[in-house]
Amino acid sequence: MLQMKQMFRISQHVLHEWLHNNVAVYAYMIKAVTAALLALGISMELSLADPRTAIFTVFIVMNPQSGLVFSKSYYRILGTIAGVGFSLLLVGLFAQEPFLFIFFSALWIGLTTAGGFKYRNFQSYGFILAGYTVAIVAFPAMEAPLNTFDIATARFSEIIVGILCATFISDVLFPRRLSDSMLGAESQRIKSVLQTVSNSNSIFDNQHDSKTHLSHFLSGMVGLNAIRINSSFESVHDKKRRVLYKQLNHEFMNLSTTYHSLKSILFAIESKKYSHMQPSLHRIYAPIASAFDVDIDETVEYKKITAIIKKLSDAKVEVASLTGIEQKYLKVACTDDIPDDFAPLANLVFRLLEELHVYFVTYKALLKNDASENSSKDLNQVIHFSTRSDSVLVALAALRGVFVLIIAALFWKLTAWPYAIQTISMAVVSGMLFSTLANPLEALVNFFKGSLAALLVATVLNFYLIPHATDFFTLALILTPPLAAIGWWTTQPKWTVFALGFIFMFMYQTALDPYYKMETIFFFENAMASLLGIILAGVAYMLINFWSNALTQKRVEKVLNRMMSKVCNSSLIMPRAAIESKSRDLIQHFSTQGRLDESSNKLIFDWLLSILEIARAVISIRQNLKLINLFYSSVKVDLLLQELGTLFEKPTEVGLSHFMQKLRSLIYIMNNETPLMSMQENRAIKHIVKELGIIRMVLHNKQSLNVAEEER
């Protein structure tokens, strides 16, 4: 009996695991195949010129989540309209002028490649599609300009059929909502936060490579923001929820910056000094740790979150009181500058507490989906996740796109090979599609492998199976296995690019015209032209790729230092949210395009978070300077911030040493002055002193902030 129970439990576990891992994949395969066959049937019923384009469109826009299908379809339509429109203009103006035709085509490809690289999510895909549509529509029309309009309208009609079929099937057959996956992602992220902050030992362990370092979760901010944007295509009724997701992402950025600053400063402190301060830090953090003394697996429940929020609110008073007691104790018990070093750390601990409280309050509002429950004033503000791209990376991508088109076009003109147009199309398409990936050359290799596999399958179908298909039902049976295989490959991360190559070549080469026609010479020459185009795109990535670890680090350092100089010298106060999101998005772009190894990637994120902390402190100082009237030290503070900006423009060891002396001197003067001022001004001065202390402590850690290590 006991053995039967154990077998039953094992069977339940196996069934649950199978349902969790495989059912979603099979459901997606059914959706993809159904939508593809529906598109094929409608295209044939409407006698569209090339039903393959409709099937291809289905697989390009199809995704397990409905919101992603709607979003990609929307931008595919916009990209197609732009590409078709420019193709008509190009052929109409320069059909008889090959040089001008190629020149303006290259210019368009360069601009759209740059746009695809500059923008994010499916906006990027829209630009890329607008670019390579010209290669598919305009170049074939060069030899028969009068057919341009027919080619353009046919392609657009086929794409619309594919999009309508994909979106319809995605929404009615096994629909999956992005909003559900977003809530799961936020739940996992809040568990990660809890695991990090619930133990004071993990906070005050000054080993810099702590496994609980929140910088490990930085990439999720950009990804979750993308999911939030795409979820807007699912329903207009979830606007309040999307605002809360945006707020959570912003608050998590602030939280991770504060946490990193605390860890970075701890790492920079001498072990002797730290041994004196560590007991005090543990004591002031104890009320925070006790607030998270709950079962982490159950903390996503509304009641648990409410209890944590209550404890965090109570902890604010206790931590503030304990901080004052510990500061007095250290002034009596310690000599040197240990009390001065303790103050910025205590301020960061209290700021971490406040940001945790705000973050959990917003998460509680998300669970209840009621913004009125949220006491954070930031919810009433419009917070945008801004993006930023480096001009050098954008220019490099545009140059590569232009190079591919010009070389392919020259090959066409010099050889006069009728199938060279296919080489142009495939070179431009494959070159642009992978321009934003971390390793485009590796992706092209997998794309090439998928194309070769598709040629083998297409050969069998074209010459042995499709000729015997007497009706649509038989044709559907023949196509179902390869289409199902494509659907399965697209759900497997390591097979995604292979699947893309397969579907491209399969749709180009399979005889799915309204009336069967297939010649051996046409098939193999067209296949050779397509493979040659992929090879040409790969050569372009090998020749136009100047990035290395060292070059990327220097470029990142230059971009971050320039941003920091602007923050310090600008009279306008830049929003912290804009700086945080732009910087993180930029570094995320660098970390993929720069081909960084793990150590370089980690170093760059350390630079980023250290500079974000200094930028936050500068913004806070400038805000408080506006509250001070006729106080001569405010002039000194402003001059010091300008000198900090100069230091970032030209970082040197001597410059850093000189700045640190001035900073320390100003902190001492402002701490010991007792001018007659209002209560508001006194509070502002105290706040400025705290922020100056944090800047001083962050700059002590040269390993996390790449400044002034050598003369440049």
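The values are calculated or read from the model by the stated rules, or taken from the named source; none is laboratory data. Treat the numbers as computed from the prediction; the structure is a model and nothing was measured. Here the Cβ is made from the backbone with ideal geometry for all residues, glycine too, and neighbour counts use every protein chain on show. Ligands, DNA and RNA are stripped out before the accessible areas are found, and what is left, the full protein with its side chains, is counted by its heavy atoms. Shrake-Rupley method; radii C 1.70, N 1.55, O 1.52, S 1.80 Å.
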**Prompt:** In segment 172-182, which residues are surrounded by 17 or more Cβ atoms within 10 Å (Cβ to Cβ), not in a loop (DSSP other than H, G, I, E, B) and not small (Gly, Ala, Ser)?
**Reply:** Leu178, Met182
**Complete:** Those residues of segment 91-146 which are polar (S, T, N, Q) and open to solvent by 70 Å² or more (accessible area, probe 1.4 Å) amount to Gln96, Gln123
**Asked** Can you tell me how many residues in segment 399-424 are more than 28 Å from the chain's Cα centre (by Cα) and crowded, with 24+ Cβ neighbours inside 10 Å?
**Response** 6
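May I ask you to say which residue of Ile160, Ile190, Ile151, Ile169 is among the aliphatic types (A, V, I, L, M), under 18 Å from Met44 (Cβ atoms) and either open to solvent by 40 Å² or more (accessible area, probe 1.4 Å) or within 21 Å of the chain's Cα centre (by Cα) (or both)? If you could, list the steps in order and put the result at the bottom.
Numbers: Ile190 fails: under 18 Å from Met44 (Cβ atoms); Ile151 fails: under 18 Å from Met44 (Cβ atoms); Ile169 fails: either open to solvent by 40 Å² or more (accessible area, probe 1.4 Å) or within 21 Å of the chain's Cα centre (by Cα) (or both).
The conditions single out Ile160.
Condition check: in a loop (DSSP other than H, G, I, E, B), without any contact (Cβ under 8 Å) to a residue 24 or more places away in the chain, of a type outside the set (A, V, I, L, M, F, W, C) and more than 21 Å from Ala427 (Cα to Cα). Does Tyr464 satisfy that? So that I can check it myself, show each step before the final result.
On the way: in a loop (DSSP other than H, G, I, E, B): no; without any contact (Cβ under 8 Å) to a residue 24 or more places away in the chain: yes; of a type outside the set (A, V, I, L, M, F, W, C): yes; more than 21 Å from Ala427 (Cα to Cα): yes.
So Tyr464 fails the test.
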**Request:** Mind counting the residues in segment 65-92 that are touching a helix residue (DSSP H, G or I) at 6+ places or on another chain (Cβ under 8 Å) and more than 29 Å from Cys165 (Cα to Cα)?
**Result:** 3
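Against the definition (at pLDDT below 85 and farther than 19 Å from Thr258 by Cβ), how does Lys328 come out, yes or no?
yes
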**Request:** Output the number of the condition that Ala365 fails; it satisfies all remaining conditions of (1) open to solvent by 40 Å² or more (accessible area, probe 1.4 Å); (2) under 19 Å from His250 (Cβ atoms); (3) modelled with pLDDT of 80 or more.
**Result:** (1)
**Asked** Does segment 7-30 contain any residue that is assigned to a helix (DSSP H, G or I), modelled with pLDDT of 90 or more and among the β-branched types (Val, Ile, Thr)?
**Response** yes
